[in-house]
Amino acid sequence: MSILPPDLFFPFRDYNGNMQAILKLLGKTDIKELALPANIRYGQAIYKRGGVEVIEQTAKYIEGWAGGLNGTSAEGGGQKRRVRLSVTAKGLGWHCAGNPKNHDIFCKHCVALALFIQTQ
Ligand SMILES: [Zn+2]
């Protein structure tokens, strides 16, 4: 089990007064190491077409909607799914409501939300 750098246990606040350990962790995360190339492409398409909406953000997690666009998968099309990215003891955690139980891959919805956050 990996241990997070100590600073991640002490979320800092931005100028709005929001704590954002999750933002810091995502900033250090290389999506290419988590997702399959196809899901990276599809997730990029969702993000670029504006198919991401943040529902809730705390210091430890960000939850949002991703998808719900028309067209093919390559164009970013597909169903809208609820995604959560979180700070865990092992690093970045993720969950997409569209993934089968016990098979929580870093899917295109996770990619889209992560890209959205990383570019804020
Ligand atoms: Zn998904």
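The values are calculated or read from the model by the stated rules, or taken from the named source; none is laboratory data. Source: prediction; values computed, not measured. Every residue, glycine as well, gets a Cβ built from its backbone with ideal geometry; the counts of neighbours run over all protein chains shown.
Summary table
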{"quantity": "Scan of the range 86-104 for residues that are in contact with a strand residue (DSSP E or B) (Cβ under 8 Å, 6 or more places away or on another chain) and within 12 Å of the ligand (Cβ to nearest atom), ordered by number", "calculated": "94, 95, 96, 97, 98, 104"}
{"quantity": "Filter result for the condition that a residue is of a type in the set (A, V, I, L, M), at pLDDT below 90 and within 16 Å of residue 93 (Cβ to Cβ), over 31, 62, 3", "calculated": "3"}
{"quantity": "Subset tally (residues that are assigned to a loop (DSSP other than H, G, I, E, B) and farther than 18 Å from residue 22 by Cα) for the range 49-81", "calculated": "15"}
{"quantity": "Test for residue 46: is it part of a strand (DSSP E or B), within 16 Å of the ligand (Cβ to nearest atom) and modelled with pLDDT of 90 or more", "calculated": "no"}
{"quantity": "Residue in the range 34-42 that is in a loop (DSSP other than H, G, I, E, B), more than 10 Å from the ligand (Cβ to nearest atom), over 12 Å from the mean Cα position of the chain (by Cα) and surrounded by fewer than 19 Cβ atoms within 10 Å (Cβ to Cβ) present", "calculated": "yes"}
